[in-house]
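Following: one structure in structure tokens, then a few remarks.
The values are calculated or read from the model by the stated rules, or taken from the named source; none is laboratory data. Please read these numbers as outputs of a predicted model, since none were measured by experiment. Methodologically, a virtual Cβ is constructed for each residue, glycine included, from the backbone with ideal geometry; neighbour enumeration extends over all protein chains shown. Heavy atoms of the whole protein, side chains included, go into the accessibility calculation; ligands, DNA and RNA do not. Shrake-Rupley method; radii C 1.70, N 1.55, O 1.52, S 1.80 Å.
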Amino acid sequence: MIIDRNETPQELAFTLTLPQLRQAHEIYKKHCFFQDFIECCEERRTEETGLCNLPYQTLEHETDILCKAYELYEKQADINVSYRVTMENVIDQIEKQILNGILRPHPEQAPRVVLVMEDGIVTASYTNAPFIQAEVIKLDKEYDSAEEREAVYGALEHNPELTECECHITWPGREKEAA
């Protein structure tokens, strides 16, 4: 199959057999459930609903928990009960299984990189996962045009190998001023 580089994913067409189509549908359905599950768990944590004992930092990588949640959902899915209520019940069951030690989150921490900057220059970098390669892109409003800066962000957002992540910025000695 030859793909024209100008085609967007929405324009690509594939010929699939019925079993392949069913398999693709199941994969997509599971993916959507995982996203809904993670979002609902975050909402519950914010609202302090339930036990709130899930590994929120690494939940998207906790395949055992996600697959168990999907399995529970598939068993409980009912036309007469709303998706949201079923999701809440599944999360309650997952939280209880974690509490009782039946399900165990992975003990490993999320990969982390710490960059130290002095006067706008990175002077040191530290990580809890040595396989991580830290990259720093320095943009300067005085030297880089708005188009160049937007192009950098656009390229990063559309890079399938990268995912935007949280960034905690500390400024020693200035914490009290920010509060």
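Averaged per residue, what accessible area in Å² does the chain show with a 1.4 Å probe, protein chains only? Display every interim value, and only then the final one.
Numbers: 14980 Å² over 179 residues.
On a per-residue basis, 84 Å².
About the Cα centre, and with charges only on the beta carbon of Lys, Arg (+1) and Asp, Glu (-1), how big is the dipole of segment 99-144? Nearest 20 debye, please. Before the final figure, lay out the partial values.
Numbers: 4 positive and 7 negative charges, 85 e Å.
For this selection, approximately 400 debye.
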Q: Would you work out the charge dipole size for segment 24-179 about its Cα centre, treating the Cβ of every Lys and Arg as +1 and the Cβ of every Asp and Glu as -1, and quote it to the nearest 20 debye?
A: 640
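If you take the C-alpha gyration tensor of the chain, multiply each eigenvalue by 5 and take the square root, what semi-axes do you get, largest first, in whole Å? Display every interim value, and only then the final one.
Working: eigenvalues 266, 164, 48 Å².
Semi-axis lengths for the chain are 36, 29, 15 Å.
How much length would be gained if the chain were fully extended between residue 169 and residue 140, taking 0.36 nm per residue of separation minus their Cα-Cα distance, in nm to one decimal?
On the way: separation 29, 0.36 × 29 = 10.44 nm, distance 1.86 nm.
Gain in length upon complete extension: 8.6 nm.
Residue 159 to residue 56: FRET efficiency via 1/(1 + (r/R0)^6), r the Cβ-Cβ distance, R0 22 Å, to the nearest 0.05? All intermediate terms of the calculation are to be shown ahead of the outcome.
Numbers: r = 25 Å, r/R0 = 1.14.
With a Förster radius of 22 Å, E is 0.30.
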Q: For segment 24-179, please report how many Lys pairs fall under 24 Å Cα to Cα, leaving out neighbours fewer than 8 apart on the same chain.
A: 7
(Q) Using +1 at the C-beta of Lys and Arg and -1 at the C-beta of Asp and Glu, which of 14, 97, 37 has the Cα lying farthest in the positive direction of the dipole of segment 10-108? (A) 14
Q. In deg cm²/dmol and to the nearest 500, what is the mean residue ellipticity at 222 nm of the chain if only DSSP H runs of at least 4 residues count, each as -39500 (n - 2.57), divided by the residue total?
A. -14000 deg cm²/dmol
Q.
Helix 63-76 against the longest principal axis of the chain: what's the angle in degrees, Cα atoms only, rounded to the nearest 10?
A. 30
Q. Given Cα pairs under 8 Å that are at least 6 residues apart, what percent is the relative contact order of the chain?
A. 13
**Q.** Among 105, 130, 19: highest mean-square fluctuation, GNM of the chain, C-alpha pairs under 10 Å
**A.** 19
(Q) Placing unit charges on C-beta atoms (Lys and Arg positive, Asp and Glu negative, everything else neutral), compute the dipole magnitude of segment 88-179 about its Cα centre in debye, rounded to 20. (A) 540
